[in-house]
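S.K.: I am attaching a structure below and will ask some questions about it afterwards.
A short reminder: the numbers here are calculations on the coordinates, not readings from a lab. All values derive from a computational prediction rather than experimental measurement. Note that we place each Cβ from the backbone using ideal geometry, even for glycine, and neighbour counts take in every protein chain shown.
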Amino acid sequence: MKDLFEKIYRDKGPLGKWASQAEGYFVFPKLEGHISNRMKFQGKDVVTWSINDYLGLANHPEVRKVDAEAAASYGSAYPMGARMMSGHTELHEELQVELAEFVNKEAAYLLNFGYQGMVSTIDALVSKDDIIVYDVDAHACIIDGVRLHMGKRFTYKHNDIESLEKNLERATKMAEQTGGGILVISEGVFGMRGEQGRLKEIVELKKKFNFRFLVDDAHGFGTLGKTGAGAGEEQGIQEDIDVYFATFAKSLASTGAFIAADKEIIDYLKYNLRSQMFAKSLQMQLVVGARKRLQMLKTMPELKAKLWENTNALQSGLKERGFDIGTTQSCVTPVYLKGSIPEAMALVKDLRENYGIFCSIVVYPVIPKGLILLRLIPTATHTLQDVNETLDAFDAIRARLENGTYKRLSASVAAAMEK
């Protein structure tokens, strides 16, 4: 019999094995200062492109004031207990009504965290006789929710409607045998590459197949649609989404999330979401803060307008300079370059140390070997000066990547990785 920890001692995992080279700089970096377009990294000022504060609400004076007042009034504990037992309040209910109205659904229910909320929602919606069909590039919270499912599940190729249709045919045959139903899951915006889910085309398949549709709109809520109600509103099919999910952790710059659907579905989920039934209620300071943020989203369209002004300036500037930003249809801005992991590390260090640009880096195994993805998240707090400085910096680092500078600088790291 082996020691349970033996595998941990032997294999730290695909990311953990690089901890000694990466931790504190490339992973688990410490950004300091007020959340904004410019922060400090290791004592240096940097233009920050890795904060999902889309509408710039995190450090907005009105938001800070309400957050402080709520903390003074309620502390960080109230209400104590789970919603079903002793953690339910009028303000929780009022926020749910406001959220449901905003995303054009009959009812909504608050979740403590987006990740655990999505996992629990999937778990509650399906039984062992049901079949799940989901996009292969779905977020980890969807994948973990699907892992709890004791029945069959199929993935379809990313945003590929023909692949989805083939898998729905398989799922339909299986559901006819088990007596179950079908749940299709997509994202409103895929957070790595910025593509919108093909929600409109998926909804069209309801004419041919019998399924229910769950959409994770973490990056679409607050950024897409005429009012900011998300990807469903953007594509004109919000009412055809059966269960709509969004988080407070991006556009609303807070903690928490919600699901919205027909009242009967929400009433069912209230009594069957294990992550909410057996966990402490979302604390009051967060509820009060979310109401304020939602009110600003509804009444201050200039926030979203400024976000898109910055997004369009960044994305058009990158394309004009010949950078590959993929097929993004959202504020998420990926920049694809070719290079090894050691080159990527040297490149990012150069960006941060010599150009004052801080953005997220993604490499193999998250994306194919030989690619480097620099992921930028524009916000309403960015300026055109930030954009221009970043474009100039990207020109410089691309030239150094292509002329072999980073390969030479990273030779020792590459040698260590080959051992």
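S.K.: Considering only DSSP beta bridges whose two residues both sit in the stretch 61-299, what percent are antiparallel, to the nearest 5?
M.R.: The antiparallel fraction comes to roughly 40 percent.
S.K.: Another question, then. Run the numbers on the stretch 94-188 and let me know its relative contact order in percent, using alpha-carbon pairs under 8 Å that are six or more apart.
M.R.: With pairs under 8 Å counted, the relative contact order is 30 percent.
S.K.: Next up: Provide the percentage of antiparallel DSSP beta bridges, counting only those with both residues in the chain; round to the nearest 5.
M.R.: 60
S.K.: Size of the dipole of the chain about the Cα centre, Lys and Arg at +1 and Asp and Glu at -1 on the beta carbon, nothing else charged, in debye to 20?
M.R.: The dipole magnitude comes to about 1180 debye.
S.K.: Fewest first, what order do E98, E32 take by the number of other Cβ atoms within 10 Å?
M.R.: So the residues, fewest neighbours to most, are E32, E98.
S.K.: Only loop residues by DSSP count here, and only those with at most 11 other Cβ atoms within 10 Å; note down the trypsin sites (Lys or Arg not before Pro) in the stretch 105-159 that meet that.
M.R.: K128
S.K.: In percent, how large is the relative contact order of the stretch 61-299, given Cα pairs closer than 8 Å and 6 or more residues apart?
M.R.: So the answer I get is 29 percent.
S.K.: Here is a follow-up. Once you charge only the Cβ atoms, +1 for Lys and Arg and -1 for Asp and Glu, what is the size of the charge dipole of the stretch 61-299 about its Cα centre, to the nearest 20 debye?
M.R.: I would put it at about 440 debye.
S.K.: Taking the alpha-carbon centroid of each part, what is the distance from the stretch 46-114 to the stretch 331-389 in angstrom?
M.R.: What the calculation gives is 31 Å, centre to centre.
S.K.: For the chain, build the charge dipole from Cβ charges (+1 Lys, Arg; -1 Asp, Glu) around the Cα centre, then report which of G191, L55, S410 sits farthest towards its positive end.
M.R.: Selected residue: S410.
S.K.: In terms of Cα to Cα distance under 20 Å, which aspartates and glutamates are near enough to K292, apart from those fewer than 8 places away along the same chain?
M.R.: List returned: D53, E62, D67, E69, E90, E93, E94, E98, E101, E302.
S.K.: Say we join alpha carbon atoms closer than 10 Å with springs in a Gaussian network model of the chain; which of Q283, Q235, Q42 then has the biggest fluctuation?
M.R.: Of Q283, Q235, Q42, the Gaussian network model singles out Q42 as fluctuating most.
S.K.: Given 4 °C and 1.567 mPa s, compute D for the stretch 211-275 with the Stokes-Einstein relation, Rh being the Kirkwood radius over Cα pairs; round to the nearest whole µm²/s.
M.R.: 105
S.K.: Under the classification rounded if a/c is under 1.5, otherwise prolate if a/b is larger than b/c and oblate if not, where does the stretch 267-419 fall, given a ≥ b ≥ c as square roots of the Cα gyration tensor eigenvalues?
M.R.: Oblate.
S.K.: Most fluctuating residue of L91, L294, L337 in a GNM of the chain with Cα springs under 10 Å: which is it?
M.R.: It is L91.
S.K.: For the stretch 273-360, run through the trypsin sites (Lys or Arg not before Pro) and keep only the ones in DSSP coil with at most 12 other Cβ atoms within 10 Å of their Cβ.
M.R.: Taking the stretch 273-360 and a limit of 12 other Cβ atoms within 10 Å, the loop trypsin sites (Lys or Arg not before Pro) found are R321.
S.K.: Below 28 Å, Cα to Cα, which lysines can K157 reach? Residues fewer than 8 away in the same chain don't count.
M.R.: Within reach: K128, K166, K173, K200, K206, K207, K208, K250, K319, K338, K369.
S.K.: For the stretch 61-299, max minus min Cα coordinate along each principal axis, in Å, sorted largest first?
M.R.: If we take the Cα atoms of the stretch 61-299, the spans are 57, 37, 28 Å.
S.K.: How are the alpha carbon pair distances in the chain distributed across 10 Å bins from zero to the largest one, expressed in percent?
M.R.: Result returned by the calculation: 4, 20, 28, 26, 17, 4, 0.
S.K.: So, one more: Under a GNM of the chain (C-alpha, springs under 10 Å), which listed residue has the highest mean-square fluctuation: A344, A279, A290?
M.R.: A279
S.K.: Oh, and also: Restricting to DSSP loop positions (anything but H, G, I, E, B) with no more than 14 other Cβ atoms inside 10 Å of their own Cβ, which trypsin sites (Lys or Arg not before Pro) remain in the stretch 159-228?
M.R.: Counting only loop positions with at most 14 other Cβ atoms within 10 Å, the trypsin sites (Lys or Arg not before Pro) in the stretch 159-228 are K208, K226.
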